[in-house]
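Below is one structure, written out as structure tokens, with a few remarks after it.
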Amino acid sequence: MKKILIANRGEIASRIIRTCKKMGIGTIAIYSEADRHLSFVSEADEAVFVGKGPVSESYLQMDRIIDIAIEHKAEGIHPGYGLLSENGLFAKKVGEAGLIFIGPKAEVIEGMGDKIAARNRMEENGIPVLPASEAVNDEGEALLAAEKIGYPVMLKSSQGGGGIGLALCQNEQELRKTFRTVKMKTEKFFAKSEIYIEKFVEHARHIEVQIFGDQFGNMVHMYERDCSIQRRNQKVVEETPSPFLSETGRERIYRTAIQAAKAIRYENAGTIEFLVDEKENFYFLEMNTRLQVEHGITEAITGLDLVEWQILISQGKALPLFQEKIKSHGAAMEFRVYAEHPKTFYPSPGTLTDLTWGEGEVRIDAAYEKGNTVTPFYDPLIAKCIFHAENRDLCLDRARTFFSTTTWKGIETNIPLFLELLKNKDFLEGRYTTQLLKNLY
């Protein structure tokens, strides 16, 4: 390919542009009115206005985006993550327009996008899954399913993502209270109302395995990422390797991830996500059929460029390396800096009148910089700060130094949360679970 359109925004658009420049590929950025002054717009070789601030009028305009790609002679479209990245219809339309969709096949995206169908398919192929119901249509069915599975349970949208359409229910009263809210959010954000009940595992870890496949049936993993530090069921800190898994558990989870990906003949980048209990029993949660926000820590320990791999594989090439050549070096951590209150996690839109990053070795994938305005239209991610060192303790030291010397004005950020986390004994010793941030303050 000689030119790619990036159907995304912010830091991931900048990240894709960086790899394309290295590969000698031209780039087209699309931007909304709200993003006109962000850095990714000027970094691309070409930039085209796509619409107003709301995503429904800009970054979700499938036909408009494809028309721009054709008009500007792009040969492929990279969807990044979020937005249209896991939209099977978009992937299909891209292909029908004679363009390359830089990701898996449309039918695989659609098949794994429905969490109920994906779970059933994994179970059929011998992948361990949590006890769960089929779709429940009303509160009565939900109550019966929860009673059969046993509290606590998660009420989940079959199309959910990013923490949307999820609710933890400890008892019948909580399920009654949250059922209508989850159903409404499911209809609003995913245009479908299917929800289901899944067993909740207390004291669990959320661990995912990065996988890559090609059209020749080759499949590799790129180790795991521990994504257990979450707020509102959304990841905020990730690390690799997991400080929790034993070497035996690690190898078992790799084998299972490869087995799951091969069962659906997966191509391109993806992750198999697992919930892991205190005894290292693990259960399939979902598959993300795209590049992940936290892919940077995998790049740090492997020295590989995952976006480059995506582009090569989408053009029909074989995996650049096979498993025995993919090595892991040291430890890496990612901290997602958000424009949000560090205790309530409520978004804090506004203008960054000052942002001066701290001291030390760090990779910063930034969406916003000093003088930019964080609008309420999008996820309030300011930047991803990625630390890589010989071991976990050195990563922690670098993160502590960096965030303690970072300054900002104009809006709230979650950096104070990170400074508290970097003093927390359970986090420092690697003994945390998905519930840690609820009890941090």
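Odds and ends about this structure:
- Spans of strands (runs of 3 or more DSSP E) in the stretch 163-234 with at least 3 residues touching a helix residue (DSSP H, G or I) at 6+ places or on another chain (Cβ under 7 Å), under 23 Å from E294 (Cβ atoms) and touching a residue at least 12 places away in the same chain (Cβ under 8 Å): 205-213, 219-231
- Restricting attention to the stretch 235-246, the residues that are in a strand (DSSP E or B) and either closer than 21 Å to G165 by Cα or of a type outside the set (S, T, N, Q) (or both) add up to 5.
- The one condition from (1) modelled with pLDDT under 95; (2) of a type outside the set (A, V, I, L, M, F, W, C); (3) surrounded by fewer than 16 Cβ atoms within 10 Å (Cβ to Cβ) that E96 does not meet is (1).
- The listed residues are G76, G98, G80, and the only one of them that is over 30 Å from L155 (Cβ atoms) and in contact with a helix residue (DSSP H, G or I) (Cβ under 7 Å, 6 or more places away or on another chain) turns out to be G76.
- Close pairs (8 angstrom Cβ cut-off, 6 or more residues apart or separate chains): without any contact (Cβ under 8 Å) to a residue 40 or more places away in the chain in the stretch 272-291, aliphatic (A, V, I, L, M) anywhere: E280/L245
- Hits in the stretch 309-343 (condition: over 22 Å from the mean Cα position of the chain (by Cα) and within 30 Å of W408 (Cα to Cα)): K343
- All positions within the stretch 390-421 that are crowded, with 18+ Cβ neighbours inside 10 Å and not in a helix (DSSP H, G or I): T406, W408, G410, I411, E412, T413, N414
- Residue among T186, T178 that is farther than 25 Å from I272 by Cβ, polar (S, T, N, Q) and surrounded by 13 or more Cβ atoms within 10 Å (Cβ to Cβ): T178
- Search result, residues across the stretch 58-67 that are surrounded by fewer than 19 Cβ atoms within 10 Å (Cβ to Cβ), touching a residue at least 24 places away in the same chain (Cβ under 8 Å) and assigned to a helix (DSSP H, G or I): M62, D63
- Pairs with Cβ under 8 Å, 6+ apart, first in the stretch 386-409 and modelled with pLDDT under 95, second assigned to a strand (DSSP E or B): none
- Some residue of the stretch 319-337 being touching a helix residue (DSSP H, G or I) at 6+ places or on another chain (Cβ under 6 Å), among the hydroxyl-bearing types (S, T, Y) and closer than 28 Å to R231 by Cα: no
- Among the residues making up the stretch 78-89, none is buried (at least 24 other Cβ atoms within 10 Å of the Cβ) and part of a helix (DSSP H, G or I).
- Only one entry of S56, S42 meets the criterion of being of a type in the set (G, A, S), out of contact with any strand residue (DSSP E or B) (no Cβ under 8 Å at 6 or more places or on another chain) and modelled with pLDDT under 95, and that entry is S56.
- Candidates N288, N233: the one that is farther than 30 Å from K425 by Cα and polar (S, T, N, Q) is N288.
The values are calculated or read from the model by the stated rules, or taken from the named source; none is laboratory data. What you see is a predicted model, and the numbers here were worked out from it, not measured in a lab. Cβ coordinates were reconstructed from backbone atoms using ideal geometry, including for glycine residues, and neighbour counts include every protein chain displayed.
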